[in-house]
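The values are calculated or read from the model by the stated rules, or taken from the named source; none is laboratory data. Quick caveat: nothing in here was measured; it's all calculated off a predicted structure. Cβ: placed from backbone, ideal geometry, glycine included. Neighbour counts: every protein chain shown. Accessible surface is based on the protein model in full, side chains and every heavy atom, while ligands, DNA and RNA are left aside. Shrake-Rupley method; radii C 1.70, N 1.55, O 1.52, S 1.80 Å.
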Amino acid sequence: MNPSLIFWTAAIVILLAVTALVAVGIRSIRRGNLSAHRRCMKTAATLVTCFLGAYPLKLLWFGRERLSEWSGQAVLTLRIHEVCVFAMIVGGLTALILSRKMHPNRNRLTHLPDAPLASNRALTRHRIAGWTAAIGAGLAFLTAAIVLLDMYERAAGS
């Protein structure tokens, strides 16, 4: 197994953890537990940030993937994956910024019923951004799994 394949295997484990944290965070907010929602989303964001920090190091040490050796379908799946990751990052960052604007005294909040009421518009924008991030994370995981399986197949064939 080459070092790049090890890196991508670790990356998909991180993406699975992000996706799971997002799912738990959504369930938490639906149950009215704002603090659990916030913890899950902040932890997911931290994992994404760690990956984004590790990726340039991967490029430095192992280089880029040789896409010229990939099938057209594999490259297309990779590009779709990259769009999903982009949606996850932009949606998540937007939701984070909006949450800070909605709850300036967020350190005192523990549960949704006790939280100060945000404007309906701000809350709606936060939800749209959050769902964009959540759907992006789920689709990013699914497409990453397809890309990684293809990488394993190519590695076994060479």
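Observations
- Charge dipole of the chain about the Cα centre (unit charges at C-beta), most positive-ward option of Ala54, Ala23, Ala155: Ala23
- Ordering Trp70, Trp131, Trp8, Trp61 by accessible surface, largest first, gives Trp61, Trp131, Trp8, Trp70; the 1.4 Å probe counts only protein heavy atoms, with every chain in place.
- Here each label is just a point 7 Å from Cα along the line to Cβ, and for Ala17 and Leu47 those points are 0.6 nm apart.
- Surface per residue (accessible, 1.4 Å probe) for the chain, Å²: 64
- Theoretical FRET efficiency, 1/(1+(r/R0)^6), r = Cβ-Cβ of Leu59 and Arg79, R0 25 Å, to 0.05: 0.90
- Cα-projected label distance for Glu69 with Ile135, points at 7 Å along beta-carbon direction, nm: 3.6
- Semi-axis lengths (Å, descending) of the ellipsoid that matches the C-alpha gyration tensor of the chain: 35, 14, 13
- Within the assembled protein chains, the solvent-accessible surface assigned to Arg79 is about 110 Å², based on a 1.4 Å probe.
- Each Cα pair under 8 Å and six or more residues apart adds its sequence gap; the mean of these over the residue count of segment 5-61 is a relative contact order of 37 percent.
- Surface composition of the chain: carbon plus sulfur atoms contribute 66% of the solvent-accessible area (1.4 Å probe, protein chains only, all chains present).
- Positive-end residue of Ala95, Ala144, Phe7, charge dipole of the chain with Cβ unit charges: Ala95
- Taking label positions 7 Å along the Cα-Cβ direction at both Glu153 and Arg30, the computed distance is 3.4 nm, reported to one decimal.
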